[in-house]
Amino acid sequence: MSENTTVRVDPSNERMLQAWDGNDGALWAKRAQRFNDGVAAYRDIFFSAAGIQSTDNVLDVGCGAGQTTRDAAGQASAGSALGVDLSSEMLGVARRLAEQERVPNVSFEQVDAQIHPFPEGGFDVVVSRHGSMFFGTPLAAFANLARATRPGGRLVLLTWQPLRLNEWITTFRTIFAAGREVPTSNLPLSDPLETEALLSSAGYTDVRSTAVDKPMYFGQDVDDAAEFIVEQHGGRLSDLDENTRTKAVETLRADLAGHQTDRGVFYRSAAWLIEARRP
């Protein structure tokens, strides 16, 4: 489970490497459990679709701190699970947790999944929980993943639906814009027709997208959630005056209070469960 010292990436993914092997990855490593808790409601339906068998070899793309990889390894008890990511810090967390949890059939590599020479047909199942949306050249990336999927093997992705259906994204974008223009671009793979065309062109078949709506967790109370969200998004306020920054945080806290439940602070979220097969 040794870390690579040099990461070769496609030029189109250089910016992603700088982010995920830099400040973004450091934050996600520090807050790994909170990020996992945030999307925990999607776990069962995601793994039900993956249908991992005990002897399967599984590839987890954009594995982050490795929760899905370790879960996959537990289901593939006589097989294996490989998690890949660009973030050395998150992979460090993943390795430590795998050792602590005594998961012997899991490994992690810091590689660019768009160009990494995975063994041809080496995986029965390829999965990605929100880690497949940011390739610089998606067609090349998914063609590489299709090559690594055995004939008859499966691809299962979790991606976000359009912004208007994800209350948490639109709310936080608006608050941290603090009166400036709010970004309106949707995340990649949020259009099922475009996704079907992309994956079909890459070498997969039987592509289908199923809409899934689950509550997304942000903290046990307003203070806890506000600390987490400001830590994640507060940099967007750095070029504003102190009064404007203060008002933005106050607006956030008021909105969080409106989403407080007896189980914590939750916002509506909506994802696509994308399934495909390698012919």
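Values in this text are rule-based calculations from the coordinates and carry no lab data. What you see is a predicted model, and the numbers here were worked out from it, not measured in a lab. Cβ sites come from the backbone with ideal geometry, for glycine too, and all protein chains shown count toward neighbours.
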Normalised by the number of residues in the chain, what is the relative contact order in percent for Cα pairs under 8 Å and 6+ residues apart? 20
Contour excess over end-to-end distance, with Cα ends at Glu181 and Arg43 and 0.36 nm allotted per residue: 46.2 nm
Those GluC sites (Glu not before Pro) from the stretch 163-247 that are DSSP loop and have at most 11 other Cβ neighbours within 10 Å turn out to be Glu181
Relative contact order for the stretch 61-171: what percent, with Cα pairs under 8 Å and sequence separation of 6 or more? 26
What do you get when you divide the Cα radius of gyration of the chain by 2.2 N^0.38 Å, with N the number of residues? 1.01
Measure off 7 Å from each Cα along the Cα-to-Cβ vector at Thr205 and Ala19, then give the distance between these two points in nanometres to one decimal. 3.5
Tell me the relative contact order for the stretch 176-256 as a rounded percent, counting alpha carbon contacts under 8 Å between residues six or more apart. 38
Give me the distance in nm between label points sitting 7 Å out from Cα along the Cα-to-Cβ direction at Gln33 and Asp221, one decimal. 1.8
Hey, in the GNM for the chain with a 10 angstrom Cα cutoff, which one of Asn57, Asn23, Asn243 fluctuates hardest? Asn243
Measure out, as a whole number of angstrom, how far apart the alpha-carbon centroids of the stretch 83-145 and the stretch 206-235 sit. 22
Please list, by residue number, every one of the GluC sites (Glu not before Pro) in the stretch 81-149 that is coil in DSSP and has at most 15 other beta-carbon atoms within 10 Å. Glu101, Glu120
What value, in deg cm²/dmol to 500, does the helix sum -39500 (n - 2.57) over DSSP H runs of n ≥ 4 give at 222 nm once divided by the residues of the chain? -12000 deg cm²/dmol
Divide the volume of the convex hull of the Cα atoms of the stretch 105-264 by its number of residues and quote the answer in cubic angstrom per residue. 162
Long-range alpha-carbon pairs in the stretch 1-160, meaning those over 19 Å apart, account in percent for 50
Taking 0.36 nm per residue of separation between Thr244 and Glu120 and subtracting their Cα-Cα distance, the length gained on full extension comes to 39.3 nm
By Cβ neighbour count within 10 Å, fewest first, Thr244, Thr171, Thr184 rank Thr184, Thr244, Thr171
